[in-house]
Structure formats: structure tokens, C-alpha cells
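The values are calculated or read from the model by the stated rules, or taken from the named source; none is laboratory data. Quick caveat: nothing in here was measured; it's all calculated off a predicted structure. Here the Cβ positions follow ideal geometry from the backbone for every residue, glycine too, while neighbour counts run over all protein chains shown. Calculation scope for accessible area: heavy atoms of the full protein, side chains included, ligands and nucleic acids excluded. Shrake-Rupley method; radii C 1.70, N 1.55, O 1.52, S 1.80 Å.
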Amino acid sequence: RKEVEQDPGPFNVPEGATVAFNCTYSNSASQSFFWYRQDCRKEPKLLMSVYSSGNEDGRFTAQLNRASQYISLLIRDSKLSDSATYLCVVESHYGGSQGNLIFGKGTKLSVKP
Amino acid sequence: DGGITQSPKYLFRKEGQNVTLSCEQNLNHDAMYWYRQDPGQGLRLIYYSQIVNDFQKGDIAEGYSVSREKKESFPLTVTSAQKNPTAFYLCASHPQIHSGANVLTFGAGSRLTVL
């Protein structure tokens, strides 16, 4: 089982739609979770952290389910500018060769007019 | 402004040549990372460094080398031993490797093409 898995998409949605992405992780000792956004041919940028109680930032809602080991990102009222690839990132504090930060392959979102 | 500067942004290399990608940060971060990204793929860790004069191999270190002589600088050399070096290379930094902070900052990337 891969350490961090995401549906690659693409998710093609109309403007104004609600879209949800899921990410699963295999290391139950993982401590911190994040969603990053990456525009085409650009560097990833932090979108939001994911807290156990769930958190919201405007149209974006992130949730964590530790029992099932998955993270979700919900985008409401999609805008054209939301078109990007969304990367799930998991941070563990118990060694490993990856320096404790593991990236999913990303889910591509395309919002159409 | 604080940040990470990568150079060059675009680089073309002939087969058999070594090239060095520069990464400089003025964020006073302890940890620095090099990732490689191929089209449609996630980021794969090449090397990381937690402190000056120390670095660790990531998952795909073969054909690459790094140095960390200064806190601010973490250059990556792509050697001729790297069989498929064409990729997008991202440098990142983090305050401390076990800080749990969400402040992972990336440079703008270097796109290497082997001709």
C-alpha cells in the first residue's frame, strides 16, 4: 500500500459546483496533515493545515479521520481560479528516509465556465 | 522579503554532463530538502539536510549529490550517473525537521532538460 494515495482525477466541474477530494495514508503514527495547491509548472503552496476537529477557511473545508486514516478537502462554490492540482501531505515524527514529509501525487481540478 | 531562491529556472544539459542547481534561503530555516517532480507525479525526495554539514539520502538519491556548507545554501548536483534527469526540481525549507510546523516553503523550481 502506498504511503499517501490520492485520486489523480482530473475532476472537471462547472463554476459554482462543490467538489471533494480524499486522501488516504498508511502510517497510523502520522502526526500532521496538510493540503497544498500547485498551479501548472509552479511550486506547491500551502493551502491549509488539517486539524483533528476539522477546519474551514472561506470556501475550503478540511477534515481528518484518524480511525480510517483519510483526509478530505471540500471546495464550495468553485471558481475558475481554483483550477490546480491539490497535493495531500502527511508529516510523521518517527524517522524514515523521507525526512518525515510525504506527498501524494495530487488531484487535478479543472473548473469550467 | 524572506524566501527561497532557486537558479537557474531553466537549464539544458547534454548527456554525460554534470549540472549544479542552486538553492539559497534567507528564512533562517534549519531543514532543507530537494524534491524531484515528473509530469503527473508527486514529489519524490532526493536529499534532505537538518543541519549544516549533515545531509541524508531520500528515496531517489542515486545519481545526485548535495552539500550543506552553509545554513543558507543547499546546492544539488545532477551527475552523469542519473539516467533520467529531465524533471522539475524543487528546493524547500522547514524551520526544523521535527517542528510540526506547517511552514514548508518552496522555491520556484528549476526545470532541467537533457538534450
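Values computed for the structure shown
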quantity	calculated
The range B:93-111: number of residues that are modelled with pLDDT of 95 or more, open to solvent by less than 10 Å² (accessible area, probe 1.4 Å) and at negative phi	2
The range A:1-34, subset at the interface with another protein chain (Cβ under 10 Å from one of its Cβ atoms) and open to solvent by less than 60 Å² (accessible area, probe 1.4 Å), residue farthest from A:Leu109 (Cα to Cα)	A:Ser32
Given (1) within 14 Å of another protein chain (Cβ to nearest Cβ); (2) open to solvent by 40 Å² or more (accessible area, probe 1.4 Å); (3) of a type in the set (A, V, I, L, M, F, W, C), number of the condition A:Leu80 does not satisfy	(1)
Per-region count, the range A:35-59, residues hydrophobic (A, V, I, L, M, F, W, C), open to solvent by 60 Å² or more (accessible area, probe 1.4 Å) and either in contact with a Phe, Trp or Tyr (Cβ under 9 Å, 6 or more places away or on another chain) or within 9 Å of chain B (Cβ to nearest Cβ) (or both)	1
Residue in the range A:20-36 that is modelled with pLDDT of 95 or more, among the aliphatic types (A, V, I, L, M) and in contact with a strand residue (DSSP E or B) (Cβ under 6 Å, 6 or more places away or on another chain) present	yes
Residue list for the range B:1-13, restricted to those being open to solvent by 60 Å² or more (accessible area, probe 1.4 Å) and at pLDDT 90 or above	B:Thr5, B:Lys9, B:Tyr10, B:Phe12
Matching residues in the range A:60-75 - criterion: being aromatic (Phe, Trp, Tyr) and exposed (fewer than 14 other Cβ atoms within 10 Å of the Cβ)	none
Enumeration of residues in the range B:22-41 that are facing chain A (nearest Cβ under 9 Å) and either open to solvent by less than 10 Å² (accessible area, probe 1.4 Å) or touching a Ser or Thr at 6+ places or on another chain (Cβ under 6 Å) (or both)	B:Ala31, B:Tyr33, B:Tyr35
Residue in the range A:97-109 that is part of a strand (DSSP E or B), open to solvent by less than 10 Å² (accessible area, probe 1.4 Å), more than 16 Å from B:Arg44 (Cα to Cα) and among the aliphatic types (A, V, I, L, M) present	yes
